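Have a look at the structure below before the remarks.
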Amino acid sequence: MPERISLGLIRLLGLMPLRLLAPLGKGFGMLIYWLAWERRRVVRTNLRLCFPQMQDKDREKLSRRHFRVFDEPYWSTASCGGERRNGFAD
């Protein structure tokens, strides 16, 4: 049942133009940033280990950017919508 809901949501999103999906995706990414505190902690730790010379505020900006764009491929894939577009079928 959850799969059907997810697929329905993806199909619904597929009807939306990309110019509307991009802000939705960024907003969703920021929602994940605030709700997925454990993932946020992992990202911060990884950035601190990989970029020790970077200032904390710059790492925090990079962390937020990561969450804004990490789901971008999913949102742009949703724009395909699973419909017959450009010769592709379900």
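Say whether the condition of being more than 25 Å from residue 64 (Cβ to Cβ) and loosely packed, with under 11 Cβ neighbours inside 10 Å is met by at least one residue in the stretch 6-14. Yes: the stretch 6-14 contains one or more residues that are more than 25 Å from residue 64 (Cβ to Cβ) and loosely packed, with under 11 Cβ neighbours inside 10 Å. The number of residues in the stretch 28-87 being part of a helix (DSSP H, G or I), more than 14 Å from the chain's Cα centre (by Cα) and either under 22 Å from residue 9 (Cα atoms) or at pLDDT below 75 (or both) comes to 0.
Restricting attention to the stretch 15-50, the residues being in contact with an Asp or Glu (Cβ under 8 Å, 6 or more places away or on another chain) and either exposed (fewer than 14 other Cβ atoms within 10 Å of the Cβ) or among the aromatic types (Phe, Trp, Tyr) (or both) number 1.
The values are calculated or read from the model by the stated rules, or taken from the named source; none is laboratory data. As the structure is a prediction and not an experimental result, all values here were calculated from the model. Note: ideal-geometry Cβ built from the backbone for every residue, glycine included; neighbour counts use all protein chains shown.
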